[in-house]
Amino acid sequence: MFRLDADPALLLDSEERRQLRQILRQLLTETCGPEEVRKQTESPRGHDRVLWERLAGEIGVHGLAVPEEYGGAGCTFTELAVALEETGRVLSPVPLLSTVVLAGQALLGSGDRRACARWLPPLASGALTATVAGFLHPAGLTAERGPGGWVLRGEADFVPDGEGADLLLVRARTADGERLFGCEPDGATCDRTPRRVLDATRRQALVRFRGAPAEPVGEPGQASGIAESVVDAGRVALAAEHVGGSAHALDAVLDYASQRTQFGRAIGSFQAVKHRLADLLVEIEGARSASAYASACVSSRAAGVPVAASAAAVACTGAYRLATAEYVQLHGGIGFTWEHPAHLYVRRARGDEALFGTADDHRLRLAGLLGLAAGPTDH
C-alpha cells in the first residue's frame, strides 16, 4: 500500500508560492531571453552577476530554504523548488543548483553551527557562490593534517560551477575515514580547469588540490550520509528545473502550432500534431506531480526521500527528453538550426541526464530500494 511520507500541505500550491512564481517569471522573462543566455554562457563568469544579486536581494531566492538564524527566510525546499522551476524554464545560467541546493544542503546537513554561521549568511545574501566536490566519487580526494591544519590533495572532475565557486565543500578520505571539509580555494594550492561540456549554461570543472588549506565541517563519520542526502536533494532540484524547461517547450510548440499554417490550416489543427501535444502534456503533468512530491519529501525530511528523488529523476528526465525532441521536430526546418532556442534546451536536457545518474541508474536504484531486484523466479 502507498504511504504518503510528505506533509500534504506542501503538495498544494499556496498563495505565497503562486506569488513567488509570478514575481520570478516576470523578472526572468525580462532578463533571460535566449540571446541573453547565450551571451552569459560566453562570459568569463558564466552568469549575470546583476541578476544573481537581484534574485538574492529583491526576491530572496538564495535564502528561501535557509533558517532565519543564518540570514534566510526559513521557508522549505518546496518554495525553493518553485524558484528552480522558474529558472529552469528560461535556462537561467546562475549557479543556484550548486550554491543554494548542493552547498547549502551540505552545510545544513552537517549540523555544524560554526560552519553554518560562517558561510550560510553570505550564501543567503548572494555574496558567496559555492559547490561540492567528491560527493559522487570521493576516491580521488584525501585530507591530512599539516603543520598549519588540514590540507586537501587529489582531484575531483566535472564539479558543477567548480571553476568560479568561492567555497568548495569537499568529501575526502582521512586516516580515520571520510570527512567533509570546507575550502576557500586559491590559485597557489588549487588548480581549476573548465571542462568542455555539452550544456554551456551549466559549467563544470576539473579541480586539483595541491595541499589546499581546509577546515573540517561536521563530525567524523558523517560525510557519507551527508553526501547521499545532498545528492538526492540535487536530484529533486534538477527535477524541478526539468519541469520548468518542459513546460516552456510545450508552450513554445503550442504557440508555433497555432500560428504556422500548412495547406491553409494551422498545423495544430492536424490530428497527428494534436496527439503528440496531448501525449507531451500528459508526460509533463506526471513529471510535475513526481517533482512536487519529491520536493515535499525533502521539506518534510521524510524517510522516503531516496525513493521519491529517483522516481522524480526518471519521470522528469523522460518528460524533458520528450519535450525537447518535440520542441525541435514540431518547429520543422527552423527547429533543426543551431540558432533556434530549442537547441539550448536540448543541450540542457541531454547534459543533465547524467549529472546525478541516468534514468537507467535510477531504475536500478529504485528496484533495490523497493525490494524489486531481479532474482530466481518460482514456477
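The values are calculated or read from the model by the stated rules, or taken from the named source; none is laboratory data. All figures in this text were calculated on a predicted structure; none of them were measured in a lab. Here Cβ is always computed from backbone atoms with ideal geometry, including for glycine, and neighbour counts include all displayed protein chains. Accessible surface areas use protein heavy atoms only, side chains included; no ligands, DNA or RNA. Shrake-Rupley method; radii C 1.70, N 1.55, O 1.52, S 1.80 Å.
Taken over the range 158-206, the residue count meeting the criterion of being among the charged types (D, E, K, R) and in a strand (DSSP E or B) is 6.
Here is a yes/no grid of residues against (1) open to solvent by less than 20 Å² (accessible area, probe 1.4 Å); (2) assigned to a helix (DSSP H, G or I); (3) acidic (Asp, Glu); (4) modelled with pLDDT of 95 or more:
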{"site": "Leu322", "(1), (2), (3), (4)": "no, yes, no, yes"}
{"site": "Trp338", "(1), (2), (3), (4)": "no, no, no, no"}
{"site": "Leu344", "(1), (2), (3), (4)": "no, yes, no, yes"}
{"site": "Arg347", "(1), (2), (3), (4)": "no, yes, no, yes"}
{"site": "Asp352", "(1), (2), (3), (4)": "yes, yes, yes, yes"}
{"site": "Asp361", "(1), (2), (3), (4)": "no, yes, yes, yes"}
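The residues of the range 219-239 that are open to solvent by 60 Å² or more (accessible area, probe 1.4 Å) and not in a loop (DSSP other than H, G, I, E, B), listed by number, are Glu228, Ser229.
May I ask you to list the residues in the range 120-131 that are over 18 Å from Leu84 (Cα atoms) and open to solvent by 10 Å² or more (accessible area, probe 1.4 Å)? Walk me through it before giving the result.
Residues of the range 120-131 over 18 Å from Leu84 (Cα atoms): 120-122, 127-128.
Pro121, Pro122, Ala127, Leu128, listed by residue number.
Out of curiosity, is Arg265 under 16 Å from the mean Cα position of the chain (by Cα) and open to solvent by 40 Å² or more (accessible area, probe 1.4 Å)? No, not satisfied.
Residues being farther than 22 Å from Pro194 by Cα and outside any helix (DSSP H, G or I) are represented in the range 56-64 by at least one member. With respect to (1) part of a helix (DSSP H, G or I); (2) of a type in the set (A, V, I, L, M); (3) open to solvent by less than 40 Å² (accessible area, probe 1.4 Å), the lone exception for Ala143 is condition (1).
For the range 96-117, indicate whether the set of residues that are over 28 Å from Glu68 (Cβ atoms), open to solvent by less than 10 Å² (accessible area, probe 1.4 Å), small (Gly, Ala, Ser) and touching a residue at least 24 places away in the same chain (Cβ under 8 Å) is non-empty. Outline the logic, then answer.
Start the filter on the range 96-117 by keeping residues that are over 28 Å from Glu68 (Cβ atoms), which leaves none.
No, the range 96-117 has no match at all.
Selection over the range 11-42 of residues that are over 20 Å from Arg288 (Cβ atoms) and loosely packed, with under 12 Cβ neighbours inside 10 Å gives a count of 4.
For (1) touching a Pro at 6+ places or on another chain (Cβ under 9 Å); (2) outside any helix (DSSP H, G or I); (3) more than 26 Å from Thr29 (Cβ to Cβ); (4) modelled with pLDDT under 95, each residue gets a yes or a no:
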{"position": "Arg208", "(1), (2), (3), (4)": "no, yes, yes, no"}
{"position": "Glu241", "(1), (2), (3), (4)": "no, no, no, no"}
{"position": "Gly245", "(1), (2), (3), (4)": "no, no, no, no"}
{"position": "Asp279", "(1), (2), (3), (4)": "no, no, yes, no"}
{"position": "Glu283", "(1), (2), (3), (4)": "no, no, no, no"}
{"position": "Arg288", "(1), (2), (3), (4)": "no, no, no, no"}
